Amino acid sequence: MNNLHQRLGATYLGNNRTAFLVWASRAQSVELHLTSPDDRLVAMQSLDRGYFYVECDNVAPGARYMYRIDADRERPDPASRRQPAGVHGPSEVVADQADWDVAHWHGLPLQDYVVYELHVGTFTPEGTFEAIIPRLDRLKQLGVTAIELCPIAQFPGERNWGYDGVYQYAAQESYGGVEGLRAFVRACHERDMAVVLDVVYNHLGPEGNYLADFAHYFTDRYHTPWGSA
């Protein structure tokens, strides 16, 4: 890899090959621990500015992995796109390609937004992205043109307000994960409805927050009621 603009996390390259990039400036060494479908340990190449990188054959979407830091502790990927076993479990490789584009959808002018704020876990008895879809037509009849989802970044447990998420790129698994989110977004766009995400970038939750084990993500200059900023 000649530069560092490539995406952090696991990037599926096709042909059963996946690239892994992590920023771990606190570490002297990082190894990729593939936990499924087979168990193997792969040394990662140390790059400038604290980055570590490796490309692996026979690693496709669905493969699970952890990063082993300095040979003594294993952590999920800080840029994980799926945490099927929760905030402490292995991360999972996710394919970028997905059939969720809607040809006629080109967005809405901001002045046309009529926003309905929605909490996935409490909007339906099921508490999933999928369970919301049959109710979208009713929201549209009410005049809603945009759905704002309360935070959906992976958090500990099954139900939560979402303001202590710890994996910003992974949709909450109990809500339906990345596939459920894709299907929900597509269903909204098919109805000419926009989707807005409520995101929390000023802090992370206390459980499952392993960023400090990897690099200097936080500063002592600022403090929040939830911990380091």
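Values quoted throughout were computed directly from the atomic coordinates according to the rules given, and no laboratory measurement underlies them. Since we're looking at a predicted model, the values are computed, not measured. Cβ placement follows ideal geometry from the backbone for every residue including glycine, while neighbour counts extend to all protein chains displayed.
Summary of values
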read-out	value
5 angstrom amide H check on Val87, placed H, neighbours 5+ away	Gly157
Gaussian network model of the chain, springs between alpha carbon atoms under 10 Å - residue of Val94, Val42, Val120 with greatest fluctuation	Val42
From the C-alpha gyration tensor of the chain, square roots of 5λ in Å	33, 21, 16
Ellipticity estimate at 222 nm from DSSP helix runs (n ≥ 4, -39,500 (n - 2.57)) divided over the chain, nearest 500	-3500 deg cm²/dmol
Relative contact order for the stretch 93-229, counting Cα pairs under 8 Å that sit 6 or more residues apart, in percent	25 percent
Estimated FRET transfer efficiency (Gln28, Arg182; beta-carbon r; R0 41 Å; 0.05)	0.60
Chymotrypsin sites (Phe, Trp or Tyr not before Pro) within the stretch 154-190: DSSP coil, no more than 13 neighbouring Cβ in 10 Å	Trp161
Extension reserve of the Arg73-Ala103 stretch, reckoned as 0.36 nm per residue once the Cα distance is removed	6.2 nm
Cα-based radius of gyration of the stretch 9-97 once divided by 2.2 N^0.38 Å, which approximates compact folds	0.98
The stretch 1-101: relative contact order as a whole-number percent, Cα under 8 Å and 6+ apart	28 percent
Nitroxide proxy distance, nm - points 7 Å out along Cα→Cβ at Leu13 and Arg159	4.5 nm
Counting DSSP beta bridges with both ends in the stretch 110-197, the antiparallel % (nearest 5)	20 percent
Contact order normalised by residue count of the chain, Cα under 8 Å, 6+ apart, percent	18 percent
Percentage of interatomic Cα-Cα distances in the stretch 110-197 larger than 22 Å	21 percent
FRET efficiency, 1/(1 + (r/R0)^6) with R0 30 Å, evaluated for Tyr222 and Val196 via beta carbons	0.70
Principal-axis tilt of helix 177-190 within the chain, Cα atoms, nearest 10 degrees	30 degrees
Förster radius 35 Å - calculated FRET efficiency between Ser36 and Arg135, Cβ distance, rounded to 0.05	0.50
